[in-house]
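See structure below.
The values are calculated or read from the model by the stated rules, or taken from the named source; none is laboratory data. All values derive from a computational prediction rather than experimental measurement. Glycine gets a Cβ as well: all are built from the backbone with ideal geometry, and neighbour counts include every protein chain shown. Protein only, heavy atoms only, side chains kept; ligands, DNA and RNA dropped before computing areas. Shrake-Rupley method; radii C 1.70, N 1.55, O 1.52, S 1.80 Å.
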Amino acid sequence: MPGPLGLNAALSLGLGALGKRFDPYLGNNFLVEIDGLLCGGFSKVEGLESSIETEDRAEGGVNGYVHKVLKRTTWAPLVLSHGITDLDTLWDWYDKTSRGVIVRKNGSILLLDAQRHPAMWWDFKDALPIKWVGPSFDATQDSQVAVVRLELVHRGLTVPSMSKGLSAARAAMQVVAPRK
(Lines give C-alpha, C1' and ligand atoms only; values in the text may rest on other atoms or scores of the structure.)
Protein backbone atom coordinates (compact mmCIF):
# COMPACT_ATOMS: atom_id res chain seq x y z
CA MET A 1 0.00 0.00 0.00
CA PRO A 2 1.38 3.45 -0.88
CA GLY A 3 2.36 5.97 1.77
CA PRO A 4 0.19 9.03 2.56
CA LEU A 5 1.38 11.03 -0.44
CA GLY A 6 1.09 8.01 -2.70
CA LEU A 7 -2.46 7.37 -1.49
CA ASN A 8 -3.49 10.98 -2.22
CA ALA A 9 -2.00 10.74 -5.69
CA ALA A 10 -3.71 7.39 -6.30
CA LEU A 11 -7.05 8.76 -5.08
CA SER A 12 -6.79 11.78 -7.35
CA LEU A 13 -6.12 9.45 -10.30
CA GLY A 14 -9.09 7.22 -9.53
CA LEU A 15 -6.75 4.61 -8.02
CA GLY A 16 -5.77 3.41 -11.46
CA ALA A 17 -2.22 3.11 -10.16
CA LEU A 18 -3.44 0.50 -7.67
CA GLY A 19 -5.58 -1.40 -10.14
CA LYS A 20 -8.78 -0.28 -8.36
CA ARG A 21 -11.63 1.30 -10.27
CA PHE A 22 -14.28 3.61 -8.82
CA ASP A 23 -17.59 3.61 -10.63
CA PRO A 24 -19.48 6.90 -10.66
CA TYR A 25 -22.51 7.44 -8.45
CA LEU A 26 -25.95 7.28 -10.01
CA GLY A 27 -27.64 10.64 -10.57
CA ASN A 28 -31.07 9.32 -9.54
CA ASN A 29 -30.16 8.80 -5.87
CA PHE A 30 -30.24 12.14 -4.03
CA LEU A 31 -31.96 14.17 -1.32
CA VAL A 32 -32.65 17.88 -0.89
CA GLU A 33 -32.49 19.46 2.55
CA ILE A 34 -33.57 23.06 3.24
CA ASP A 35 -33.00 24.62 6.66
CA GLY A 36 -32.40 21.24 8.27
CA LEU A 37 -35.54 19.57 6.87
CA LEU A 38 -35.66 16.93 4.14
CA CYS A 39 -38.08 18.43 1.65
CA GLY A 40 -39.80 15.48 0.03
CA GLY A 41 -38.87 13.24 -2.84
CA PHE A 42 -37.48 15.30 -5.66
CA SER A 43 -37.45 13.83 -9.14
CA LYS A 44 -34.94 16.30 -10.53
CA VAL A 45 -32.43 18.94 -9.42
CA GLU A 46 -30.89 21.24 -12.00
CA GLY A 47 -28.55 24.18 -11.72
CA LEU A 48 -25.58 22.81 -9.78
CA GLU A 49 -23.29 25.02 -11.79
CA SER A 50 -21.06 28.01 -11.52
CA SER A 51 -18.92 30.06 -13.86
CA ILE A 52 -16.29 32.74 -13.59
CA GLU A 53 -16.80 35.77 -15.79
CA THR A 54 -13.77 36.93 -17.75
CA GLU A 55 -12.73 40.08 -19.52
CA ASP A 56 -10.43 40.08 -22.53
CA ARG A 57 -7.38 42.34 -22.34
CA ALA A 58 -5.15 42.69 -25.36
CA GLU A 59 -1.50 43.50 -24.74
CA GLY A 60 0.13 45.84 -27.21
CA GLY A 61 2.56 44.04 -29.50
CA VAL A 62 1.34 40.55 -28.43
CA ASN A 63 -0.73 39.06 -31.22
CA GLY A 64 -0.59 35.37 -30.24
CA TYR A 65 -3.15 35.53 -27.44
CA VAL A 66 -5.43 37.76 -25.40
CA HIS A 67 -5.17 37.88 -21.61
CA LYS A 68 -8.24 36.59 -19.77
CA VAL A 69 -8.80 38.61 -16.60
CA LEU A 70 -10.98 36.85 -14.04
CA LYS A 71 -13.93 38.80 -12.69
CA ARG A 72 -16.81 37.58 -10.53
CA THR A 73 -18.20 34.11 -9.95
CA THR A 74 -21.85 33.58 -10.86
CA TRP A 75 -24.21 30.82 -9.78
CA ALA A 76 -27.07 29.41 -11.82
CA PRO A 77 -30.49 29.18 -10.16
CA LEU A 78 -31.34 25.79 -8.65
CA VAL A 79 -34.45 24.22 -10.14
CA LEU A 80 -36.12 21.62 -7.91
CA SER A 81 -38.80 19.34 -9.37
CA HIS A 82 -40.98 17.11 -7.25
CA GLY A 83 -44.31 15.35 -7.25
CA ILE A 84 -47.17 17.04 -5.44
CA THR A 85 -47.97 15.62 -2.01
CA ASP A 86 -50.18 16.73 0.87
CA LEU A 87 -47.28 18.69 2.38
CA ASP A 88 -46.16 21.67 0.37
CA THR A 89 -43.86 23.80 2.48
CA LEU A 90 -42.03 24.93 -0.67
CA TRP A 91 -45.24 26.45 -2.06
CA ASP A 92 -45.78 28.26 1.26
CA TRP A 93 -42.23 29.66 1.10
CA TYR A 94 -42.74 30.83 -2.49
CA ASP A 95 -46.17 32.30 -1.70
CA LYS A 96 -44.84 34.26 1.28
CA THR A 97 -41.91 35.52 -0.80
CA SER A 98 -44.30 36.68 -3.55
CA ARG A 99 -46.18 38.68 -0.90
CA GLY A 100 -43.00 40.38 0.35
CA VAL A 101 -42.19 38.15 3.33
CA ILE A 102 -38.52 37.54 2.51
CA VAL A 103 -36.93 34.60 4.32
CA ARG A 104 -33.64 33.38 2.90
CA LYS A 105 -32.84 29.72 3.53
CA ASN A 106 -29.77 27.53 3.39
CA GLY A 107 -29.79 23.97 2.14
CA SER A 108 -27.93 21.02 0.71
CA ILE A 109 -28.13 18.71 -2.27
CA LEU A 110 -26.95 15.26 -1.12
CA LEU A 111 -25.77 12.61 -3.57
CA LEU A 112 -26.34 9.15 -2.09
CA ASP A 113 -24.52 5.87 -2.61
CA ALA A 114 -26.26 2.57 -3.44
CA GLN A 115 -27.02 2.03 0.27
CA ARG A 116 -28.64 5.52 0.43
CA HIS A 117 -25.85 6.98 2.58
CA PRO A 118 -24.51 10.45 1.71
CA ALA A 119 -21.56 10.12 -0.65
CA MET A 120 -21.00 13.87 -1.11
CA TRP A 121 -23.03 17.05 -1.01
CA TRP A 122 -23.20 20.67 -2.04
CA ASP A 123 -24.44 23.41 0.28
CA PHE A 124 -26.24 26.48 -1.03
CA LYS A 125 -26.75 29.63 1.02
CA ASP A 126 -29.30 32.43 1.30
CA ALA A 127 -31.73 30.96 -1.24
CA LEU A 128 -34.97 32.63 -2.29
CA PRO A 129 -37.72 31.12 -4.45
CA ILE A 130 -38.27 33.22 -7.57
CA LYS A 131 -40.38 30.98 -9.79
CA TRP A 132 -42.98 28.29 -9.25
CA VAL A 133 -44.32 26.16 -12.12
CA GLY A 134 -47.38 24.03 -11.45
CA PRO A 135 -48.09 20.61 -12.90
CA SER A 136 -49.32 19.88 -16.38
CA PHE A 137 -52.53 17.87 -16.47
CA ASP A 138 -53.24 15.38 -19.27
CA ALA A 139 -56.17 12.97 -19.04
CA THR A 140 -54.63 10.75 -21.73
CA GLN A 141 -51.65 9.90 -19.50
CA ASP A 142 -52.70 7.06 -17.22
CA SER A 143 -50.12 7.18 -14.41
CA GLN A 144 -48.35 10.49 -14.85
CA VAL A 145 -47.15 12.04 -11.57
CA ALA A 146 -48.20 15.67 -11.05
CA VAL A 147 -44.85 17.52 -10.84
CA VAL A 148 -44.13 21.09 -9.74
CA ARG A 149 -40.92 23.07 -10.19
CA LEU A 150 -39.44 25.65 -7.87
CA GLU A 151 -36.58 27.89 -8.98
CA LEU A 152 -34.22 29.23 -6.31
CA VAL A 153 -31.63 31.98 -6.58
CA HIS A 154 -28.84 31.74 -4.04
CA ARG A 155 -25.53 33.24 -2.99
CA GLY A 156 -23.25 30.39 -3.85
CA LEU A 157 -22.48 26.69 -3.64
CA THR A 158 -19.81 25.09 -1.51
CA VAL A 159 -18.54 21.57 -1.03
CA PRO A 160 -18.09 21.38 2.75
CA SER A 161 -14.87 19.98 4.22
CA MET A 162 -16.92 17.22 5.83
CA SER A 163 -18.20 16.13 2.41
CA LYS A 164 -14.67 16.09 0.99
CA GLY A 165 -13.40 14.21 4.05
CA LEU A 166 -16.17 11.64 3.80
CA SER A 167 -15.40 11.04 0.13
CA ALA A 168 -11.67 10.64 0.84
CA ALA A 169 -12.35 8.31 3.78
CA ARG A 170 -14.70 6.15 1.70
CA ALA A 171 -12.08 5.90 -1.05
CA ALA A 172 -9.34 5.05 1.43
CA MET A 173 -11.53 2.38 3.05
CA GLN A 174 -12.05 0.74 -0.33
CA VAL A 175 -8.28 0.65 -0.86
CA VAL A 176 -7.64 -0.89 2.57
CA ALA A 177 -10.62 -3.28 2.54
CA PRO A 178 -11.94 -3.62 -1.03
CA ARG A 179 -15.45 -4.97 -1.49
CA LYS A 180 -15.88 -8.50 -2.73
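Local charge sum around A76 (other residues, Cβ-Cβ under 9 Å, Lys/Arg +1, Asp/Glu -1)?
Numbers: positive: none; negative: E46, E49.
Result for the local shell: -2.
To the nearest 10 square angstrom, how much accessible area does W75 have with a 1.4 angstrom probe?
W75 has an accessible surface of roughly 90 Å² with all protein chains in place.
For segment 17-94, count all C-alpha to C-alpha pairs, find those more than 21 Å apart, and express that count as a whole percent of the total. Provide the component values of the computation, followed by the final result.
Values: 1756 of 3003 pairs.
Value for segment 17-94 (Cα pairs over 21 Å): 58 percent.
Please compute the Kirkwood hydrodynamic radius over segment 88-175, one decimal place, Å, based on all pairs of different Cα atoms. It would help to have the intermediate numbers written out before the result.
Working: mean 1/r = 0.0631 Å⁻¹.
It is 15.9 Å.
For A119, which sequence-distant residues (separation of 5 or more, or a different chain) have an amide H within less than 5 Å of its own amide H, given hydrogens modelled in the peptide plane?
Residues meeting the amide H criterion: L111, L112, D113.
Mind grabbing the accessible area of L48 for me, 1.4 Å probe, Å², rounded to tens?
Probe radius 1.4 Å; accessible area of L48 about 70 Å².
Which aspartates and glutamates have a Cα lying under 14 Å from the Cα of K44, excluding residues fewer than 8 positions away in the same chain?
E33, E151
Quick one, what does Rg over Rh come out to for segment 33-161 if you take C-alpha atoms and the Kirkwood Rh? Mind showing how you got there, number by number?
Details: Rg = 19.5 Å, Rh = 17.3 Å.
Reported Rg/Rh (Cα atoms, Kirkwood Rh): 1.13.
Under a Cβ-Cβ cut-off of 12 Å, what is the net charge of the residues other than V101 that fall near it, where Lys and Arg count +1 and Asp and Glu count -1?
Values: positive: K96, R99, R104; negative: D92, D95.
Charge balance in the 12 Å sphere: +1.
Write down the accessible area per residue of segment 17-157 in Å², having rolled a 1.4 Å probe over the full set of protein chains.
On the way: 9400 Å² over 141 residues.
I get 67 Å² per residue for segment 17-157.
If I stretch the segment between D92 and Y25 completely, what's the gain in nm (0.36 nm per residue apart, minus their alpha carbon distance), one decimal?
Stretched fully, the D92-Y25 segment lengthens by 20.9 nm.
Ordering I84, I109 from largest to smallest accessible area (1.4 angstrom probe), what's the sequence?
Working: I84 85, I109 5 Å².
Ranking I84, I109 by accessible area, largest first, yields I84, I109.
Taking a 24 Å limit on the Cα-Cα distance, which of the listed pairs K71/K125; K125/K164; K131/K164 fall beyond it?
Numbers: K71/K125 21 Å; K125/K164 18 Å; K131/K164 32 Å.
From K71/K125; K125/K164; K131/K164, over 24 Å: K131/K164.
With θ set to phi - 60° and the Karplus curve 6.51 cos²θ - 1.76 cosθ + 1.60, what are the ³J(HN,Hα) couplings of segment 71-86 in order, to the nearest whole Hz, using x for Gly and Pro?
Once rounded to whole Hz, the list reads 10, 9, 8, 10, 10, 6, x, 7, 10, 9, 10, 8, x, 5, 10, 5.
Rank these residues by their accessible area, most exposed first, probe 1.4 Å: Y25, Y65.
Numbers: Y25 90, Y65 125 Å².
Result, largest first: Y65, Y25.
Put R104, R170, R116, R99 in order of accessible area, largest first, 1.4 Å probe: what do you get? Write out the running numbers ahead of the final one.
Values: R104 95, R170 50, R116 130, R99 155 Å².
Largest accessible area first, the residues go R99, R116, R104, R170.
Report the dimensions of segment 77-132 along its three principal axes from the alpha-carbon atoms, largest first, rounded to Å.
Here the Cα extents, ordered largest to smallest, are 41, 26, 15 Å.
May I ask you to evaluate 6.51 cos²θ - 1.76 cosθ + 1.60, the Karplus curve with θ = phi - 60°, for each residue of segment 87-103 and list the ³J(HN,Hα) values in order in whole Hz, giving x for glycine and proline?
Result, rounded to whole Hz: 9, 9, 5, 5, 4, 4, 4, 4, 4, 5, 4, 5, 9, x, 8, 8, 10.
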